[in-house]
Amino acid sequence: MADQKSRPRDSYGALMLQAAGVLRLRYVKCGQDSSLSAAAASELADTFEGVAHGDPAFDQLDPKEAIALAHRLLDDDHPELSTMWPGSP
């Protein structure tokens, strides 16, 4: 039996998990992009994973902004413009 924690609830959750994976790969493991620290990237990836699994701690996040940032990350299209990006106003 597969671990239910690792499986997304729906396509929204799958998108959030993909964004978390991109963050961890681009900013934590490879470290080729220095525009975000590994610690901040890991924290944001944890947020995406929490959202993907329906963790109530992340209920206050705007789902449209989370989707927009996930797409920006996947497309590498200026994710720093998102209000969810660490250090944004």
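The values are calculated or read from the model by the stated rules, or taken from the named source; none is laboratory data. The shown structure was predicted, so the numbers you read here are calculated from the model rather than taken from an experiment. A quick note on method: Cβ atoms are made from the backbone with ideal geometry, for glycine too, and the neighbour counts reach across all protein chains shown.
Quick one: what pairs do we get from the stretch 31-55, first residue closer than 14 Å to residue 18 by Cβ, second of a type in the set (Phe, Trp, Tyr), C-beta under 6 Å, 6+ apart or different chains?
Matching pairs, first to second residue: 51/58.
Residue under question is residue 62, and the condition is that it be without any contact (Cβ under 8 Å) to a residue 60 or more places away in the chain, acidic (Asp, Glu) and touching a Ser or Thr at 6+ places or on another chain (Cβ under 9 Å); does it hold?
Numbers: without any contact (Cβ under 8 Å) to a residue 60 or more places away in the chain: yes; acidic (Asp, Glu): yes; touching a Ser or Thr at 6+ places or on another chain (Cβ under 9 Å): yes.
Answer is yes for this residue.
Please count how many residues of the stretch 66-89 are more than 11 Å from the chain's Cα centre (by Cα) and either modelled with pLDDT of 95 or more or charged (D, E, K, R) (or both).
Qualifying residue count, the stretch 66-89: 4.
Considering only the stretch 75-86, I want to know if a residue exists there that is without any contact (Cβ under 8 Å) to a residue 60 or more places away in the chain, closer than 14 Å to residue 12 by Cα and aromatic (Phe, Trp, Tyr).
no
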